[in-house]
Every structure is written in C-alpha cells, then in structure tokens.
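**Q** Dropping a structure here in structure tokens format, bear with me for questions.
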Amino acid sequence: MSAVHHGARALTADEARRRCDPATLALPDLAPGDADLALIGQERALSALQLGIAVHDDGFNVFVAGPPGVGKMTAVRRFLTRAARTRPTPDDWCYVYNFDDPTRPRALRLRGGQGRTLRDGVRALVTAARREIPRAFESEEYIAGVETIMNEMNHRREERMVELGARAKRQGFQLRATPMGIALQPVVRNQPLSEEEFAQLPAEVRASIELSRAALSVDVRAFMKEMRSVERESRERLEAQDRDVGLHAVGGLVEDLADDYVDQAEVSAYLSHVREGILTDIALFRANPAPGHQHSQPAATADPSQQIQERAFRKYEVNVVVDNGDTAGAPVVVESNPTYPNLIGRIEREAVLGALLTDLTLIRPGALHRANGGYLVLRAEDVLRAPLCWAALERSLRESCVSIEEAGEALGLSSTRGLQPDPIPLDVKVLLIGDATTYALLYNLDPTFRQLFKVRADFDTVTARTPEAEGLFAALAARCFQPDGLRPEPGALAVLVEEASRLADDHQKLAIHYDRLLELIREAEHWAAVDGAPAVRAADVQRAVEQRVYRSAAVQERLREMIVRGVLLVQPTGTAVGQVNGLAVMAVGDLPFGQPARITATIGLGHEGLLDIERQAELGGPIHTKGVLILGGYLADTYAREKPLALTARLVFEQSYSEVEGDSASLAELLALLSRLSDLPLKQSIAVTGSVNQRGEVQAVGGVNQKIEGFFDVCRALGLTGEQGVILPASNAEHLMLRPDLVEAMADARFHIYTVRHVDEALELLTDERASAVHKRVDEQIRNLADAALHFDTRGKSRRRSHTSANGKAGTPTTSGG
C-alpha cells in the first residue's frame with residue numbers, strides 16, 4: 001500500500017545558514033563607474049537595454065519591468081549616461097514669429113549651440129534698429145527730403161487751386177472750403193450770395209446759376225481726385241523714403257547676421273522676414289527708441305500703453321525651447337512629474353490690463369522636447385496617473401513629432417483662440433519603468449503599446465551566490481558606505497552578504513534589493529557611531545538587522561505572549577491524536593513572521609468525504625481548498641481502490657479568525673487526518689510545514705525561515721526541551737538562512753530541523769511507528785467504516801420494506817384520510 005521511502009533527515013547547524021567567511025571574501029578593485037549594485041546579476045535586463053538602445057527603428061522603446069527597490073532607475077540612469085556619450089549632440093529648436101500667420105509660430109532647427117547665438121543676434125539687431133532708426137529719421141537729410149516732398153505736394157495743390165479758383169470766378173462763383181469738401185458759392189456784383197439771397201432770385205436766374213454750378217462741379221471733382229492722387233503719391237514717396245532710411249539703418253546689420261547662417265536656408269529665410277518686418281514696423285521703431293535713447297521713456301515710469309508697445313517687439317524674439325549648447329552627447333532626461341504640460345510643453349499666459357495674453361516667447365518646452373535626440377525616462381505609474389499624459393505620449397511616439405496643445409483643446413473644450421505652434425519632429429528613445437503587472441495590463445489592454453514598446457527589460461530580484469558574486473556584492477556594498485564616515489570591516493561585509501541571501505530566502509542566491517541594503521548600511525553606521533567604534537563591525541550590522549525586526553515585532557510578540565498565557569492553544573510538548581502544530585506566515589507592514597497554529601482533524605461515518613471547515617465558513621482561499629481536495633485524492637488512491645470511502649472528515653485551523661490561504665499546511669492536515677484514522681498520537685513538539693500531492697510526495701513551500709523562527713520563538717518562550725523542531729520539505733533545505741541564535745540552538749541540540757520527501761517519512765518521525773503499520777491501521781479503520789455504512793444502509797432498507805408491508809402491498813402507495 002505504501003512504497004519504501006528514505007527516513008526523515010536531521011539537518012546540521014551548518015546547513016541552516018550558509019556563512020560567508022570574511023577571510024575568503026575576495027573584493028575586486030573597482031574604479032568608480034566600473035559596475036553598479038543595480039547591475040549585478042542583471043545580464044538579461046542589460047541585454048534587452050542594449051538592444052533597445054541600439055535599434056533605432058520606430059517602436060523599439062523599452063519597458064523596464066521589475067519590483068520596487070531593485071535599483072531599476074539607478075541602473076537605467078547609469079546605463080543611459082554611458083550610452084549617451086557615444087551619441088551625437090542633437091540640434092537646437094527655436095520658435096520664431098510667423099509673419100504670414102502670427103497664430104502659428106514656426107519651429108526653427110539649428111545646430112547645437114546656435115539657438116542662443118541666433119537669439120542674441122536678433123536681440124542685438126532689434127536693439128540696434130531701435131537705436132539707429134530714430135537717429136536716422138532725426139537727420140537733416142531725412143528732414144530735408146520730407147520737406148521737399150511736402151513742398152512739392154503743397155505747391156502742386158496751391159497751383160491747381162489757383163487755376164480752379166480763376167475758372168470759378170469767371171463762371172460767377174467763388175470757392176469755399178467746408179468740412180464736406182470744396183463748395184461753389186454764387187457771386188453777384190462781387191458779393192457772395194447766401195442761401196436766402198439765392199432763393200429770392202428769379203427762377204430764370206437761379207436755373208442759369210445751377211446750370212453753371214453743375215458744369216463747374218465736374219472740374220471740382222476732377223481737382224479733388226487729382227489732389228488725392230498727389231497725396232497718395234507723396235505718401236508713397238515718404239514711405240519709400242522711410243523704407244530706404246530704415247534699410248540703410250538696419251540692412252547691413254541683417255546682412256551681417258545672415259552671413260553666419262548662409263548654409264541654413266530656413267534661418268536665412270527667417271532673417272529676411274525679420275528685415276521686412278522691421279521695415280514694415282518703421283513707425284513702431286521710430287516711436288519706441290531703444291532704452292538709453294534721448295527720447296526713450298524709463299521702464300519704471302512707462303504707462304500701460306508703453307508696455308503694450310514694448311510687447312509689440314516680442315515678435316522679433318527667438319524662443320529657444322531646446323538648447324543643447326552645453327550638452328555633450330545625447331541628452332538623458334528623467335521626468336519625475338510627467339504631467340500633460342510637463343511632457344509635451346505648454347503655452348503660458350500673462351495678465352496685461354486685465355486680459356490674459358500670450359505670444360511666442362511664452363511657449364515652454366516639455367520633457368519630450370528636452371529629450372529629443374536622446375533618451376527620456378518615465379515611471380509608468382506616474383504617466384498613467386496623470387490625465388491625458390499616456391494618450392499624449394503614445395500620439396507623439398506614433399506620429400514621431402511633439403505638438404504643444406493645451407489640455408482644453410485636446411479635450412475639445414477650449415473655444416478661445418490661441419497659438420498653434422508648429423510640431424517639432426521627434427527622435428527620442430523612451431524608457432518606461434514599472435512592474436510586471438503594469439506591463440501585462442498595458443500589453444493586454446492597449447494594442448498601441450505593443451507597437452511602441454517592443455523591448456521588455458526584466459530586472460531580476462536575485463542572482464546566483466557564487467564566490468565571484470559575493471566579492472562583487474561586498475565591494476559594491478562597501479562603496480555604499482558614506483565616503484566621509486566609518487568604513488566597514490570585512491566581517492560587516494560578510495554579514496551583509498548573508499543578509500542578502502536571507503532576503504532572497506535562498507542560501508544559493510543573493511537578493512538584489514538596493515533600497516533594503518542602503519537602509520541596513522545606514523543603520524549599521526548609526527550603531528557603530530553610537531558605540532564610538534572606529535569602523536562598522538559585523539555586530540553593528542547584526543544589531544541593525546535585529547533592531548529592524550524589533551521595531552516591527554509588536555504584533556508578533558503579542559501573539560507569542562497569548563500562547564504563553566494559554567489564550568491561544570499551542571503546546572509544543574507531549575502527544576495528541578488527530579492534532580498537529582502547523583506553521584503559517586503572517587505579515588504586518590514590511591515584517592513577515594511565522595506563527596504556529598493548531599490543526600485538528602475529526603472523522604465520522606458518512607458519505608460527505610473530506611470537509612474543509614475553513615472553506616465552509618468562507619475563510620479558506622481557493623489554493624487552500626485545492627490543497628484539501630488533493631488530500632481527498634490521496635485518501636481515495638491509497639485506501640479506497642477496492643472499497644468505498646464511507647467517511648466524513650473535517651479539518652480546521654483552531655482559533656483562526658481570518659482567511660487561510662495557500663497549500664503549505666496540506667502536509668500537516670494530512671498527518672492530523674491519518675493520526676485520527678489510525679488512532680495514533682503525534683508528537684506536538686515538532687511542527688510541520690509543506691504541501692503534498694496526490695501521491696503523498698512532499699513539495700516545497702514559501703516562508704520557511706520565518707515559519708521555523710516563529711515556532712522556535714514560541715518553544716523558547718515556553719522552554720526548550722531538546723525535543724522540539726520542525727519538519728519541512730527536503731526541497732526547502734536550500735532555502736534556509738536562519739537567525740544566528742536559532743543556528744546556535746541547533747548546534748547545541750536544543751532545536752532540530754528535519755527534512756522529508758514523502759508523508760510516510762513524516763509519519764514515522766511523529767509517531768515512532770513504521771509507515772506501513774500506520775497505513776494498515778488507517779486501512780482497517782476505513783474498511784470498518786465502509787462495513788458500518790453498508791450495515792446501516794441495509795438495515796435502513798429493511799425497515800423501509802417492513803413499513804411498506806404494514807401499510808399495504810409492496811410497491812403500492814397508501815393514503816389515509818381523516
């Protein structure tokens with residue numbers, strides 16, 4: 001019925017904790033920047049990062065996945081900093097005034113460092129124009145030219161006026177200027193007639209005068225038309241003269257500035273527009289001399305209208321939104337607050353005379369602009385949390401350009417007219433940092449994400465504990481100590497290596513948890529300083545570990561106290577039938593700890609099989625329920641192949657008032673059940689953890705270190721007898737990194753750890769009986785239950801038949817009435 005198995009094996013103290021010998025700890029000589037703690041054991045992630053950085057095709061952005069605290073951000077920064085040095089410095093980007101459509105500022109591309117040069121050059125040009133243009137218009141030559149044009153116009157007007165007046169006089173009229181133009185007034189006997197006098201004339205005379213007036217009015221209109229033409233011609237001559245004067249004042253300056261950009265057509269075209277704009281705005285430059293000019297108004301006393309005039313000069317500003325003049329290689333931008341405007345830029349407004357105004361100088365870049373030509377690092381959680389941010393990022397990467405658009409416009413809610421700057425072409429490599437869950441959600445729910453982030457760099461939490469890895473870990477841990485503080489002794493570094501294995505719950509692994517390591521180092525430095533030690537010692541690191549547990553162990557100590565006082569019924573001595581001490585892991589904040597719990601089993605006659613009270617009370621999770629169902633499969637396969645399993649058995653965690661999850665108690669539950677079926681007592685001094693399959697093989701579980709230590713603490717509080725210990729799966733032996741005090745107790749034979757591979761080995765250890773003898777007793781019990789069930793079923797059928805005969809013919813229903 002049961003195969004032969006090797007017996008339980010007692011572990012030695014050396015197997016309970018893998019030590020790191022400071023004497024054999026070989027620390028490599030690392031120069032700053034040679035390696036980093038966050039890169040230890042991350043070959044897979046580094047390979048993915050290298051691929052994502054090397055491939056420049058669209059969509060090869062990188063999602064960096066891994067749990068918090070493993071140093072993803074630090075590793076990515078260091079990696080990108082090195083990669084950026086080999087990349088060319090990207091171009092500058094500026095926004096300039098669009099003289100054809102002022103609402104659409106133009107994006108101007110210049111070589112790195114030329115943006116600020118162009119900005120300063122245009123500013124100097126405008127300042128010179130404001131200085132030279134008023135000066136040129138104050139020159140005697142300009143004034144003489146204006147007077148010549150005006151005198152010619154006036155002379156021509158007066159000459160034609162004299163001719164028209166003489167013609168009117170011959171016709172019996174005189175010319176009179178009115179607000180409506182030139183009026184023709186009749187003259188009789190050298191006396192002008194008023195309207196009343198004209199009305200008193202005979203009709204024939206009035207008709208003759210009106211006829212003459214009509215004929216003369218044609219000449220008056222011709223004169224007015226000619227005068228308008230003369231004025232227009234004079235105005236054009238004045239404007240041409242103003243343009244010539246302005247061109248003479250600034251033309252050379254523009255040409256000198258344009259000479260620096262002859263090989264950049266867009267910049268040359270823009271400077272040509274600037275020159276034409278200045279010539280068009282000659283009146284603005286004449287009326288607003290540069291500060292320092294004799295006619296300029298001090299800024300402190302400038303009235304609002306003067307401020308409005310000053311704003312008019314902003315069209316000649318060059319807004320350098322991306323300045324790579326001081327950048328060596330490609331930029332690496334880490335945006336810690338990727339809101340919508342911080343990502344794609346924004347257009348600010350300022351209050352002027354009670355109104356909110358904007359212009360091209362108020363365009364502000366976003367992280368995508370600053371990272372253009374390089375690398376942008378974002379935290380996925382921050383991007384997803386910010387409204388509109390994820391959609392803006394996807395759109396920018398998909399269209400390979402970044403457009404500055406206000407949030408209201410993006411939502412279609414804004415009705416005010418604002419600026420619409422030109423989109424800027426985008427060439428950026430985005431690295432999103434998040435966890436595996438975020439990656440899975442985005443991959444499954446957003447098809448665009450798969451196209452844009454084709455590379456996944458997975459950061460592991462552990463690495464193999466080899467002598468080389470120990471030395472590298474210790475060397476890099478030593479670098480984490482404060483440079484101007486206490487230095488670590490080799491023993492302190494050895495304890496840090498051991499704690500890294502303990503954090504990994506595996507003595508063949510080292511945990512790569514940058515945050516936890518730094519916390520431990522800083523606290524060890526503190527305790528060394530408190531003791532006045534010349535260096536950080538192994539005892540200081542161990543004290544930091546113990547104090548960290550102590551600060552969070554209030555709940556754990558309270559539960560242990562309840563066991564000592566008998567409130568919680570856990571007794572690690574003696575024997576009991578159908579009862580075993582199981583081990584669970586609980587967590588309060590960042591401190592997981594083991595807690596023993598009594599597991600009991602009861603049996604009875606019936607056909608309900610194996611019942612999980614935790615599940616019936618809706619306190620058992622699905623994995624725990626699966627573990628109990630597996631126990632039913634073991635019972636059926638082992639004992640009920642040739643007979644029915646006429647059994648009703650119940651399993652429960654005593655004094656458990658919260659949800660029970662996981663299958664790590666299934667071995668303990670099976671032992672309690674077999675004890676009850678065989679009526680053999682189990683040793684209560686040995687707690688049990690492990691899961692089983694339907695063949696009775698014991699499988700690994702998690703949290704074994706915490707479970708063992710939790711039971712050890714209870715035993716020590718109640719008094720160690722030398723018989724207490726823990727049974728755990730043999731496959732968990734390599735996960736042991738127990739506390740030094742527990743290891744010491746094992747060395748002194750005051751506490752024991754046994755590993756088993758099959759339930760039979762645990763049975764023999766807890767009952768001091770051969771497994772075959774236990775199975776025989778269980779089989780007999782199940783057979784007896786099956787016979788009893790059959791007996792009761794048969795007697796029940798006999799009674800039903802007798803009841804039927806007494807009331808009528810067999811098979812014939814009977815009725816009764818009253």
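**Q** Within segment 578-599, does at least one residue satisfy the condition of being part of a loop (DSSP other than H, G, I, E, B) and modelled with pLDDT of 85 or more?
**A** Yes: one or more hits.
Residue-by-condition table, conditions (1) closer than 17 Å to residue 574 by Cβ; (2) surrounded by fewer than 22 Cβ atoms within 10 Å (Cβ to Cβ):
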site: 640; (1), (2): no, yes
site: 647; (1), (2): no, no
site: 652; (1), (2): no, no
site: 661; (1), (2): no, yes
site: 671; (1), (2): yes, no
site: 682; (1), (2): yes, no
site: 715; (1), (2): yes, no
site: 729; (1), (2): no, no
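**Q** Residue 94 versus (1) under 35 Å from the mean Cα position of the chain (by Cα); (2) at pLDDT 90 or above; (3) assigned to a loop (DSSP other than H, G, I, E, B): which is the lone unmet condition?
**A** (3)
**Q** For residue 227, all conditions in the list (1) out of contact with any helix residue (DSSP H, G or I) (no Cβ under 7 Å at 6 or more places or on another chain); (2) at pLDDT below 85 hold save one; what is the number of the exception?
**A** Of (1) out of contact with any helix residue (DSSP H, G or I) (no Cβ under 7 Å at 6 or more places or on another chain); (2) at pLDDT below 85, only one is false for residue 227: (1).
**Q** Would you confirm, using the coordinates I've provided, whether residue 159 is exposed (fewer than 12 other Cβ atoms within 10 Å of the Cβ), among the charged types (D, E, K, R) and at pLDDT below 85?
**A** When the stated conditions are applied, residue 159 passes them.
**Q** Scan segment 186-224 residue by residue and report those that are in a strand (DSSP E or B) and touching a helix residue (DSSP H, G or I) at 6+ places or on another chain (Cβ under 9 Å).
**A** 186, 187, 188, 191
**Q** What number of residues within segment 600-637 satisfy the criterion of being open to solvent by 50 Å² or more (accessible area, probe 1.4 Å), closer than 22 Å to residue 785 by Cβ and assigned to a helix (DSSP H, G or I)?
**A** So the count comes out to 4.
**Q** Related question: Quick check on residue 103: is it farther than 29 Å from residue 284 by Cα and not in a helix (DSSP H, G or I)?
**A** Taking the combined requirement at face value, the residue does not satisfy it.
Residue by residue, here is whether (1) of a type outside the set (Asp, Glu); (2) over 26 Å from the mean Cα position of the chain (by Cα); (3) open to solvent by less than 60 Å² (accessible area, probe 1.4 Å) holds:
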{"residue": "444", "(1), (2), (3)": "yes, no, no"}
{"residue": "454", "(1), (2), (3)": "yes, no, no"}
{"residue": "462", "(1), (2), (3)": "yes, no, yes"}
{"residue": "477", "(1), (2), (3)": "yes, yes, yes"}
{"residue": "483", "(1), (2), (3)": "yes, yes, no"}
{"residue": "493", "(1), (2), (3)": "yes, yes, yes"}
{"residue": "519", "(1), (2), (3)": "no, no, no"}
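**Q** When only residues in segment 464-475 that are aliphatic (A, V, I, L, M) and open to solvent by 20 Å² or more (accessible area, probe 1.4 Å) count, which is nearest to residue 538 (Cα to Cα)?
**A** 472
**Q** Test residue 269 against the stated conditions and say whether it is modelled with pLDDT of 85 or more and not in a helix (DSSP H, G or I).
**A** no
**Q** Okay, next question. Checking the conditions here, which among 170, 135, 85 is open to solvent by 60 Å² or more (accessible area, probe 1.4 Å), free of Cβ contacts under 8 Å to residues at least 60 places away in the same chain and among the basic types (Lys, Arg)?
**A** None of the others qualify; the one that does is 170.
**Q** Tell me which residues, restricted to segment 324-344, are under 14 Å from residue 390 (Cα atoms) and open to solvent by less than 10 Å² (accessible area, probe 1.4 Å).
**A** The answer is 338, 343, 344.
**Q** Right, another one. Against the conditions (1) closer than 30 Å to residue 546 by Cβ; (2) of a type outside the set (Lys, Arg); (3) touching a residue at least 12 places away in the same chain (Cβ under 8 Å), where does residue 562 fall short? Just the number, please.
**A** Single failed check for residue 562: (3).
The values are calculated or read from the model by the stated rules, or taken from the named source; none is laboratory data. Just so we're clear, the structure is a prediction, and the values are computed from it rather than from any experiment. Reconstructed Cβ throughout: ideal geometry from the backbone, glycine too, with neighbour counts over all protein chains shown. Accessible surface areas use protein heavy atoms only, side chains included; no ligands, DNA or RNA. Shrake-Rupley method; radii C 1.70, N 1.55, O 1.52, S 1.80 Å.
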